[in-house]
Amino acid sequence: MTMQEINAEIESNQSNPHFQLGYLSGTCKGAIGELERFLEHFSEKLSETQIFCINQTIDTINSGLKKMGFEPTK
């Protein structure tokens, strides 16, 4: 599938609530993955407070996913 086809699919489904929730879920899970990779690579350079805040962010996103009926990442 080309980028143009993907963009057209996204645009045609933007008003579909199931698509919106799925897109949101995927975006949230992608963000969690990025935060987890960030922690893996930079945890030695971060303070305990920074690590705690990142973990809290991950937990908050997971909580939101669970409330929407999606499987959390952890």
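The values are calculated or read from the model by the stated rules, or taken from the named source; none is laboratory data. This structure is a prediction, so every number in the text was calculated from the model and none was measured. Every residue, glycine among them, receives a Cβ derived from its backbone with ideal geometry; neighbour counts consider all protein chains shown. In case anyone asks, the SASA skips ligands and DNA or RNA and just uses the protein heavy atoms, side chains included. Shrake-Rupley method; radii C 1.70, N 1.55, O 1.52, S 1.80 Å.
Structure notes:
- With respect to the conditions (1) open to solvent by 50 Å² or more (accessible area, probe 1.4 Å); (2) touching a Pro at 6+ places or on another chain (Cβ under 6 Å), N62 lacks only one, and its number is (1).
- Meets criteria (among the polar types (S, T, N, Q), in contact with a helix residue (DSSP H, G or I) (Cβ under 8 Å, 6 or more places away or on another chain) and open to solvent by less than 90 Å² (accessible area, probe 1.4 Å)) for S25: yes
- Answer residue from region 35-59, given it is of a type in the set (S, T, Y) and assigned to a helix (DSSP H, G or I) and is least open to solvent (accessible area, probe 1.4 Å) among those: S43
- Unique residue being β-branched (V, I, T), assigned to a helix (DSSP H, G or I) and at pLDDT 90 or above when the list is I6, I32, I10: I32
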